[in-house]
Amino acid sequence: MGLFNRLTGGGETTLDSKSAILLACITMIAADGDIDDDEIAILRRIDGSRQTPAWDNALKAWKKHDFDECIALVAKFVDRSHVNPLMANLIDIAMADGHLAGREKQLLEAYMEALSPDQSRVEVYVEVIGEKNSISTI
């Protein structure tokens, strides 16, 4: 825990699986410092208007914790049956601008390590999402 975290509202953070998924998506969107409309569209696909308790809980966690702490929270609270779909969405967010580099790549690798998704499925997601997003560069 960071020195100043105790000033952000105390208590341990707990999330349900949907909040954990949204938190992971928020971290991926924030990773490159630029918010893209395609990234927001993915959030809307997951949580609609973002005016839900799950969204509120995810946003509170994002404001309270750094990237590494958010990854640990996601790993702790996401339902195992949601890990592979979550990875597909994280890859889609990371590739929304047509390329993967820098902090997004590092974050995806950190989520891979923390969540231990099915490697063969992730390879398919990378191939399909890479192909889908390559059209944006035409």
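Considering each residue of segment 116-124 in turn, at least one proves to be open to solvent by 50 Å² or more (accessible area, probe 1.4 Å) and either within 15 Å of Leu23 (Cα to Cα) or part of a loop (DSSP other than H, G, I, E, B) (or both).
Of everything in segment 68-83 that is outside any loop (DSSP other than H, G, I, E, B) and either of a type in the set (D, E, K, R) or in contact with a Pro (Cβ under 6 Å, 6 or more places away or on another chain) (or both), the residue that is surrounded by the most Cβ atoms within 10 Å (Cβ to Cβ) is Val83. Screening the candidates Leu108, Leu115, Leu73 for the property of being among the hydrophobic types (A, V, I, L, M, F, W, C), touching a residue at least 60 places away in the same chain (Cβ under 8 Å) and farther than 19 Å from Asp32 by Cβ yields one hit, Leu73.
Counting the residues of segment 37-67 that are assigned to a helix (DSSP H, G or I), over 15 Å from Ala20 (Cβ atoms) and out of contact with any Asp or Glu (no Cβ under 9 Å at 6 or more places or on another chain) gives 6. Filtered by the rule that a residue be part of a helix (DSSP H, G or I) and either modelled with pLDDT under 95 or aliphatic (A, V, I, L, M) (or both), segment 84-105 gives Leu86, Met87, Ala88, Leu90, Ile91, Asp92, Ile93, Ala94, Gly102, Arg103, Glu104, Lys105.
The values are calculated or read from the model by the stated rules, or taken from the named source; none is laboratory data. This structure is a prediction, so every number in the text was calculated from the model and none was measured. Note: ideal-geometry Cβ built from the backbone for every residue, glycine included; neighbour counts use all protein chains shown. The accessibility values were calculated without ligands, DNA or RNA, using every heavy atom of the protein model including side chains. Shrake-Rupley method; radii C 1.70, N 1.55, O 1.52, S 1.80 Å.
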